[in-house]
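A.B. asks: One structure, as structure tokens, below. Some questions next.
Computed from the coordinates by the stated procedures, all read-outs in this text should not be read as laboratory data. No experiment lies behind these values; they were computed from the predicted model shown. Counting neighbours? That spans all protein chains shown, and the Cβs are built from the backbone with ideal geometry, glycine included.
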Amino acid sequence: MTTEFTSIVPRPGDIVPGSVAAMARQNGGKVAPPEIIVLFDHSYSMDAKDARLLDGRTAMRYEAGCEQLALLQRRLPGKIAVLAFSSDVTVCPNGVPPAPTGTTNLYDALQKAKQADSGAVRFVLISDGLPDNANNALELARSFSGQIDAVLIGNHYEAEAQMAEDFMTALAAATGGTFMRDASGMRALADNVIKLLGVSDGTITTV
Amino acid sequence: MSPFTYFAETLTEDEAKKLRKRLALQYHPDVADDGGATMRNINTEFERWLEWKLNPPILVPAPTSNWASPEDWWSAIANASHQKAATQPPPRPTPSPPPQAATPPSQAATPPPPLRRSRSAGPSRSATQREMDDYFAAQNTYPDSHGHRVFGIVTILYTAYLTGLTIEALEIRGSNPRHQIRESGTVVYERPATRAWQAERRDLIARATARNY
């Protein structure tokens with residue numbers, strides 16, 4: 001008898017195993033310092049239905065992103081904090097970003113992330129396009145002491161793809177981070193991020 | 001809520017080891033009928049506890065209220081991150097690479113040096129350094145009942161203070177044992193030391209006395 005695997009996409013309000021909130025529950029109400037802060041783009045374009053879930057079904061980029069984020073947090077419990085951004089920035093201690101809405105205000109997200117930029121934490125930006133204020137964001141990124149790795153997701157038109165790739169590469173290079181394009185339709189995003197971070201047996205190399 | 005089931009956070013290392021032994025008597029696979037599952041859990045938890053004890057995690061209080069805002073969580077996360085950075089040692093400065101001298105092509109083609117120095121290539125730098133350090137320290141040591149000044153691997157068997165010249169007979173132990181005669185610190189005679197060390201010592205002192213080397 002074969003068991004069919006079905007993806008379970010976490011919904012806003014769920015507490016993902018391995019998230020900051022879940023680990024705080026386990027640690028008797030204490031928060032351990034995260035090693036990675038994921039800046040997750042949940043702008044309106046994440047509504048596009050061109051991504052794939054782990055079980056192979058086509059889904060919204062947002063849904064596939066939530067599934068992969070959950071997987072990432074499960075693999076590296078307590079080491080990942082999620083910061084979702086669109087027009088506004090939302091802290092997601094439960095590990096699930098809010099539903100897609102608004103524009104891509106990366107500048108505000110970086111400003112928020114800067115508050116936790118102690119030098120002992122790494123940032124991973126997961127986004128599908130160009131931010132509202134690219135130059136300001138790039139300028140702000142240069143002032144980070146921790147490195148920012150950038151992962152470009154989604155399908156783009158050729159010209160748009162090139163622009164997005166150029167921006168993300170510049171952003172990663174500004175902080176000594178790495179740029180990566182996820183070509184799996186987000187199906188292997190968690191694996192790719194883990195590869196990008198150079199994680200071996202749960203140990204993350206911080207800068 | 002404690003992250004440990006068997007080991008309390010307040011235990012000392014000795015107490016935890018004793019507790020583990022006690023638990024082993026109780027849950028050893030030969031005693032308990034669980035195929036060793038409990039003992040495996042205990043061992044895993046003990047290792048986790050030890051790691052936790054040696055490198056205690058930095059934990060800051062999470063927002064306690066069910067209605068805590070994401071901002072409260074963020075300040076807890078940022079606070080924890082800064083505390084972690086404060087406890088980390090400063091990064092080691094990376095040594096700047098030596099200036100690249102222009103090398104002729106023939107030199108560039110030479111094979112790289114072997115990774116391990118062979119034993120026959122002589123003592124390593126650190127061994128030589130140790131000998132020198134011990135020799136200088138032995139010079140400043142009071143003679144023992146045999147009149148020898150000993151420090152580390154160097155024994156000064158005999159010293160003659162002549163005008164403007166000091167003659168010393170030395171025995172060096174370690175990986176390359178040998179006898180030496182030194183004039184004002186400079187080695188003028190050297191031979192390997194063998195098992196016949198008593199006869200060799202006598203001969204060495206005789207040579208140093210007669211300045212026959």
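A.B. asks: Please list 3J(HN,Hα) in residue order for the range B:173-190, calculated via the Karplus relation 6.51 cos²θ - 1.76 cosθ + 1.60 where θ = phi - 60°; whole Hz, with x for glycine and proline.
C.D. replies: Once θ is set to phi - 60°, the couplings for the range B:173-190 become 9, x, 6, 10, x, 7, 10, 9, 10, 10, 10, 6, x, 8, 6, 10, 8, 8 Hz.
A.B. asks: Could you list which residues have their amide H under 5 Å from that of A:Val31, counting only those 5 or more apart in sequence or on another chain, with H placed in the peptide plane?
C.D. replies: Here B:Val60, B:Ala62 satisfy the definition.
A.B. asks: Starting from the Cα gyration tensor of the range B:125-210, take the square roots of the eigenvalues, sort them a ≥ b ≥ c, and report rounded, prolate or oblate (rounded when a/c is under 1.5, otherwise prolate if a/b is larger than b/c, else oblate).
C.D. replies: Taking the square roots of the gyration eigenvalues as a ≥ b ≥ c, the range B:125-210 is rounded.
A.B. asks: Further question: From the phi of every residue in the range B:197-210, what ³J(HN,Hα) in whole Hz does the Karplus formula 6.51 cos²θ - 1.76 cosθ + 1.60 yield, where θ is phi - 60° and glycine or proline is x?
C.D. replies: So the J values, rounded to whole Hz, are 5, 5, 5, 5, 4, 4, 4, 5, 5, 4, 5, 5, 5, 7.
A.B. asks: Okay, next question. Averaging over all projection directions, find the projected area of the Cα convex hull of the protein assembly as shown and quote it in nm² with one decimal place.
C.D. replies: Computed as one quarter of the Cα hull surface, the answer is 37.3 nm².
A.B. asks: How far, in nm, would the chain grow between B:Asn43 and B:Phe4 when pulled straight, counting 0.36 nm per residue and subtracting the alpha carbon separation?
C.D. replies: 12.8 nm
A.B. asks: If you take the beta carbon distance between B:Leu54 and A:Arg74 as r and set R0 to 22 Å, what does 1/(1 + (r/R0)^6) give as a FRET efficiency, to the nearest 0.05?
C.D. replies: 0.25
A.B. asks: Same structure again: Test of understanding: express the Cα radius of gyration of the range B:13-54 as a ratio to 2.2 N^0.38 Å, with N the residue count.
C.D. replies: Here the answer is 1.17, to two decimals.
A.B. asks: Give the average, rounded to an integer, of partner chain Cβ atoms located within 10 angstrom of each Cβ in A:110-116.
C.D. replies: That works out to 3 on average.
A.B. asks: Per DSSP H run of at least 4 residues, take -39500 (n - 2.57); add these up for the protein assembly as shown, divide by its residues and hand me the 222 nm value, nearest 500 deg cm²/dmol.
C.D. replies: Calculated at 222 nm, the ellipticity per residue is -11000 deg cm²/dmol.
A.B. asks: Further question on the same structure: At a Förster radius of 22 Å, what calculated FRET efficiency corresponds to the Cβ-Cβ distance of A:Glu4 and A:Thr58, to the nearest 0.05?
C.D. replies: Taking R0 as 22 Å, the efficiency between A:Glu4 and A:Thr58 is 0.85.
A.B. asks: Kindly list the residues of the range A:25-63 that lie in the label zone of B:Ala86, defined by a backbone N under 14 Å from the point 7 Å along the Cα-to-C-beta vector.
C.D. replies: A:33
A.B. asks: Kindly put B:Lys18, A:Lys30, B:Lys84 in sequence by how many other C-beta atoms sit within 10 Å of each C-beta, fewest to most.
C.D. replies: Fewest-to-most ranking of B:Lys18, A:Lys30, B:Lys84: B:Lys18, A:Lys30, B:Lys84.
A.B. asks: Here's something else I'd like to know. Taking the number of other C-beta atoms within 10 Å as the exposure measure, put A:Met186, A:Met163 in order starting with the fewest.
C.D. replies: With the sparsest Cβ surroundings first, the list reads A:Met163, A:Met186.
A.B. asks: Can you give the direction-averaged projected area of the convex hull of the alpha-carbon atoms in the range A:31-196, in nm²?
C.D. replies: 8.4 nm²
A.B. asks: While we're on this one: Describe numerically, in nm with one decimal, the distance between label points set 7 Å from Cα along Cα→Cβ at A:Arg181 and at B:Thr186.
C.D. replies: Those two pseudo-labels are separated by 7.2 nm.
A.B. asks: Shielding by partners for A:12-20, please: the mean number of other protein chain Cβ atoms within 10 Å of each residue's Cβ.
C.D. replies: Mean number of neighbouring Cβ atoms from other chains: 1.
A.B. asks: Using Cα pairs under 8 angstrom and six or more residues apart, how large is the relative contact order of the range A:31-196, in percent?
C.D. replies: Over the range A:31-196, the number comes to 24 percent.
A.B. asks: Tell me, what HN-Hα J-couplings in whole Hz come from the Karplus equation 6.51 cos²θ - 1.76 cosθ + 1.60 at θ = phi - 60° for each residue of the range B:144-156, using x for Gly and Pro?
C.D. replies: For the range B:144-156, the Karplus-derived couplings read 7, 5, 8, x, 8, 10, 10, 8, x, 9, 10, 10, 8 Hz, x marking Gly and Pro.
A.B. asks: Amide H to amide H under 5 Å from A:Arg187: which residues, 5+ apart in sequence or cross-chain, H placed 1.01 Å off N in plane?
C.D. replies: Long-range HN contacts for A:Arg187: A:Arg52.
A.B. asks: From the cross-link list A:Lys30/A:Lys112; A:Lys49/B:Lys84; A:Lys79/B:Lys21; A:Lys49/A:Lys112; A:Lys30/A:Lys195; A:Lys112/B:Lys53, which pairs have alpha carbons spaced over 31 Å apart?
C.D. replies: Those over the limit are A:Lys49/B:Lys84; A:Lys79/B:Lys21; A:Lys112/B:Lys53.
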